[in-house]
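Everything below concerns the one structure shown next.
Rule-based calculations on the coordinates, nothing more; no lab input. Treat the numbers as computed from the prediction; the structure is a model and nothing was measured. So basically every Cβ, Gly included, is an ideal-geometry build from the backbone, and we count neighbours across all protein chains shown.
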Amino acid sequence: MSDRLKGKVALITGGTSGIGAASAALFIKEGATVVITGRSVEKGQALAESLGPNASYREADVMEEAAIADCIAYTTSTHGKLDILFNNAGGPVGAPLEQITQEHIDYGVKLLLSSAMLGTKHAVAPMKANGGGSIINNSSIAGLRYRQGDLLYSALKAALTHYTRMSGIELGEHNIRVNSISPGAIATPIFWGGSQRANTLSDEENERKMNKLQQSLARSVPLLKTGVADDIAEAALYLASDAGRFVTCHDLVVDGGRTSMFHEPN
């Protein structure tokens, strides 16, 4: 442990599995106190318990502003401040172009865009009071290139990346850094129906699917290796820590080189 986040307090949305859970574990390892949020109470409580006394869980649906505000208020009232907000919650939202409905759009905007915008809104006051902070938005290479996600998901991630830059400009004078991470195809259970679907499968079946997924994803990038949740957690750690103190309005692409390719590999 190098204590890169010693004394810092972090809130991670969508923190009960995948990238959120990996980030929570790494942040705690590096000295932070972490509040994880999500809708899965049983998973969240179990994860927080497994991570030790510097972790806690707060139930929240980030599609509701009141829930976002509650989590930030809980964090600041319990731990006295908020240094880091990782707007990580997300998931699949779309449909083929000619099948998109207003319901798809409303759901997608709330989950992928407004959750981060409202999280930022409510984080500003405690971060100003604390002399600054770091806000990280989990975006995607789908917002940068065609055929990396469905149309709605891609458009919303592009909007999130641009929002990151614009909010970073506005908040810079308060020493609040705002950055995004654009992961490539990271091996998580979302590829076979999300964490809820993964919970219904046996450990052996999940392991089989993960091994198959990793082999497939490795063939899709120049590095010929699979990205995992820990790779994104490391990127978030850099942006959250003092090592990234001069980085803001930036989108950190972590994709094994995929976005630099002109076409898919054979």
* **Shape call, the range 10-107: gyration tensor on alpha carbons, a/c limit 1.5** => prolate
* Remind me, what semi-axes does the range 12-61 give for its equivalent ellipsoid, largest first in whole Å, using sqrt of 5 times each Cα gyration tensor eigenvalue? -> 15, 10, 9
* Structure fact -> Ordering 69-81, 110-122 by per-residue average of other C-beta atoms within 10 angstrom, highest first, gives 110-122, 69-81
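Just list whichever of Lys157/Lys225; Lys8/Lys157; Lys6/Lys81; Lys43/Lys225 have alpha carbons separated by over 20 Å in the model shown. Mind showing how you got there, number by number?
Values: Lys157/Lys225 24 Å; Lys8/Lys157 28 Å; Lys6/Lys81 14 Å; Lys43/Lys225 29 Å.
From Lys157/Lys225; Lys8/Lys157; Lys6/Lys81; Lys43/Lys225, over 20 Å: Lys157/Lys225; Lys8/Lys157; Lys43/Lys225.
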* Structure fact -> re the chain: pairs of Cα atoms spaced beyond 27 Å account for a percent value of 34 percent
* Enumerate the aspartates and glutamates that Lys121 could reach by cross-link, defined here as Cα to Cα under 19 Å, with residues fewer than 8 away along the same chain left out. => Asp61, Glu64, Glu65, Asp70, Asp83, Glu170, Glu173
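Note down the net charge around Glu30, summing +1 for each Lys or Arg and -1 for each Asp or Glu among other residues with Cβ under 9 Å from its Cβ. The partial results should precede the final answer.
Numbers: positive: Arg4, Lys6, Lys8, Lys29; negative: Asp3.
With Lys, Arg at +1 and Asp, Glu at -1, the net is +3.
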